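Below is a structure I'd like to ask you about.
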Amino acid sequence: MPLDIVVGTQWGDEGKGRVVDLLSSRADIVARYNGGDNAGHTVTVGKQTFKLHLIPSGIIHPRTTGVLGNGVVIYPPTLLTEIDMLRNNQVEINPQRLRISHAAHLITPAHRALDRAQEAARGREQIGTTGRGIGPAYTDKAARRGIRMEEMLDETAFHRRMIEHVEEANQFLTAIYHAEALDPLQIADEYTRAASVLREYITDTSALLWEALQRGQLVLAEGAQGTLLDLDHGTYPFVTSSSPTAPGVLPGLGVGFGYVNRVIGVTKAFQTRVGAGPFPTEVFGETATRLRGTGANPWDEFGTTTGRPRRVGWLDGVLLRYAVRINGLTELVVTKLDVLSGLPEIRICTAYRINGQEYTDLPLGPADLSPFEPVYEEMPGWGGDISGARTWNDLPEEAQNYLTRISQISGVPVCQVSVGPEREQVVDAQCA
Ligand code: GDP
Ligand code: IMO
Ligand code: MG
């Protein structure tokens, strides 16, 4: 049963790219199943840092095939730029190594314009989207008027379809949002040029994955975003428009239930969020600056896709337990433990309090977290640098205790701990 799944347990940016890169050394195929170029996954290999938005992080390993599944939404200009960027960095990309589902939907400039116009119209109720057209593209998919990759195969029909799509979007843009109309011909021409390059990459990726799984090959499903940004199970409406959780893998890749083996939750050692929405353990002031960093380190908490400063806070054990339940996690990888080094004390939220009553599990999902007050447990921190730790015994006792507590609260083992962005900066926690 060789399908392993990597998901974020928080609001994204947990270090999924880094963990997928780590696990990809053994994988035959790495497949993205949700989201689009709203994602920003960072992989550091020696002196090279790759910031990937669409192409699966596993592609850096020369033996791995990358798949963009049917659940993904694709903005061709980003995909083409990313292919160039990888080639310029000696990562081979060709239609044998990168396969794109015929059923994946396209994001167009019209979707991007609508995303921005809709955000502006929300006024103070803004979601803080990445402006990448994600919501409008998935809206068109659900409304059964989206454009799929397979339509690129017929050049004339595709060109005509793009013109019709932009003309229709222009009506919404101008009449409802009083935004500027886009040029249908220019966009149709640009997309038809992109189609001539991307055509060769298009295939039935569900069939490809089925054959690989039947052969016993290892497929790694790479989630984008995180559990709390899930359209159904996240902090609705402050969510993305796809299903980043593990159950989203099946429809997002077109694979059946029987193959799933490990479901690996990536958890940052503290909590971050970019964009609007509830965040019970959020901190401000000096502690926030300390957790976020100043931007001097490449891993400081500023968005990979938008550059926005991320909101920061203490690890939320209630939401972590929720992520374990929604995803059926079998294990955790804790990332960025090194960032907590030097803090005199570390807090972890173990329950929420409302009207004098404490809850260790959410009574009614995470959509309305505003009435809750977090209940914290304080643990002593550790001094010194842990980025050189490679074994459990290299970690200070206080760090070991923190990891053990995460495991107790979540109810699943912590199997690996990342102590820096580099490939080798990882501690095998032997499932603490
Ligand atoms: P993703 O969206 O979940 O893939 O995460 P991002 O790539 O957006 O953000 C994670 C950031 O933290 C990246 O800059 C990574 O290189 C970096 N990173 C990952 N793991 C660690 C770690 O253990 N320690 C440190 N210091 N940085 C890390
Ligand atoms: P990775 O894969 C963090 C957030 C946006 C916004 C909300 C909706 O790097 O973890 P959207 O553009 O998707 O309609 O925006 O979701 N968001 C992310 N936050 N990491 C991401 O991806 C995100 N992708 C979307 O900030 O709050
Ligand atoms: Mg990211």
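Nearest-5 percent of antiparallel DSSP beta bridges in the chain? Can you show the working numbers first?
Working: 25 of 62 bridges.
For the chain, the DSSP antiparallel bridge percentage is about 40.
To the nearest 10 degrees, how steep is helix 205-214 against the longest Cα principal axis of the chain, on a 0 to 90 scale?
50 degrees
To continue, here is another question. State in Å² the accessible area per residue of the chain; use a 1.4 Å probe, count heavy atoms of protein chains only, and round to the nearest integer.
Values: 17350 Å² over 432 residues.
For the chain, the solvent-accessible area averages 40 Å² per residue.
Considering all alpha-carbon pairs of the range 105-201, what whole percent are spaced by more than 20 angstrom? Could you put the intermediate results ahead of the total?
Numbers: 1714 of 4656 pairs.
Above the 20 Å cut-off, the range 105-201 has 37 percent of its Cα pairs.
Still on this structure, please answer the following. If you take the charge dipole of the chain about its Cα centre, with +1 on Lys and Arg Cβ and -1 on Asp and Glu Cβ, which of T287, F158, P56 is farthest toward its positive end?
Selected residue: F158.
How large is the dipole of the chain about the Cα centre if only Lys and Arg carry +1 and Asp and Glu carry -1, each at its Cβ, rounded to the nearest 20 debye?
On the way: 40 positive and 51 negative charges, 57 e Å.
Here the chain has a charge dipole of around 280 debye.
Against the 2.2 N^0.38 Å scaling, with N counting residues, where does the range 160-251 land? I'd like the Cα-based Rg ratio to two decimal places. Spell out each step's value before the answer.
Values: Rg = 19.0 Å, N = 92, 2.2 N^0.38 = 12.3 Å.
Against the compact-globule rule of thumb, the ratio is 1.55.
Between the range 290-316 and the range 181-248, what is the separation of their alpha carbon centroids in Å?
The range 290-316 and the range 181-248 have Cα centres separated by 26 Å.
I've got another one for you. Counting only protein heavy atoms, what percent of the accessible surface of the range 105-201 is carbon or sulfur at a 1.4 Å probe? Present the calculation step by step, with values, prior to reporting the outcome.
Details: 2450 of 5080 Å².
On the range 105-201, the fraction of accessible area on carbon and sulfur atoms equals 48 percent.
³J(HN,Hα) across the range 8-19 via Karplus (A = 6.51, B = -1.76, C = 1.60, θ = phi - 60°), whole Hz, x for Gly/Pro?
x, 9, 10, 9, x, 6, 7, x, 4, x, 5, 6
Next question, about the same structure. Tell me the relative contact order for the chain as a rounded percent, counting alpha carbon contacts under 8 Å between residues six or more apart.
20 percent
At most 10 other Cβ atoms within 10 Å plus a DSSP loop assignment makes a site exposed; report the longest stretch of the chain without any exposed trypsin sites (Lys or Arg not before Pro).
Details: sites that count: K47, R144, R215.
The longest such stretch corresponds to 216-432.
Working from Cα positions, state the angle (0 to 90°, nearest 10) between the long axis of helix 155-171 and the longest principal axis of the chain.
Result, in degrees: 70.
What does the range 226-331 give for Rg and for Dmax, in Å, if only its C-alpha atoms count?
Cα-based Rg and Dmax for the range 226-331 come out at 15.3, 48 Å.
Extent of the chain along each principal axis, from alpha carbon coordinates, in Å, largest to smallest?
Taking the Cα atoms of the chain, the three principal extents are 65, 49, 42 Å.
Within the chain, which is the longest segment containing none of the GluC sites (Glu not before Pro) that sit in a DSSP loop and have at most 15 other Cβ atoms within 10 Å?
Numbers: sites that count: E92, E180, E424.
Result, exposed sites excluded: 181-423.
With the crude spin-label approximation of a point 7 Å out along Cα→Cβ, what separation in nm comes out for R308 versus S387?
2.8 nm
Continuing with the same structure: Largest first and to the nearest Å, give the Cα extent of the range 1-76 along each principal axis.
32, 28, 28
Over the Cα atoms of the range 313-390, Rg to Rh with Kirkwood Rh, two decimal places?
Values: Rg = 14.9 Å, Rh = 14.3 Å.
Taking Rh as the inverse mean 1/r over Cα pairs, Rg/Rh reads 1.04.
In degrees, nearest 10, range 0 to 90: what is the angle between the Cα axis of helix 109-122 and the longest Cα principal axis of the chain?
That helix lies at roughly 50 degrees to the long axis.
Hey, can you grab everything whose amide H is under 5 Å from the amide H of S242? Only 5+ residues off in sequence or another chain; H modelled, so Pro and N-termini drop out.
The list, which skips near neighbours in sequence, is L231.
The values are calculated or read from the model by the stated rules, or taken from the named source; none is laboratory data. Remember, predicted model here, so these are calculated numbers, not experimental data. In this analysis, Cβ positions are derived from the backbone assuming ideal geometry, glycine residues included, and neighbour counts consider all displayed protein chains. Ligands, DNA and RNA are stripped out before the accessible areas are found, and what is left, the full protein with its side chains, is counted by its heavy atoms. Shrake-Rupley method; radii C 1.70, N 1.55, O 1.52, S 1.80 Å.
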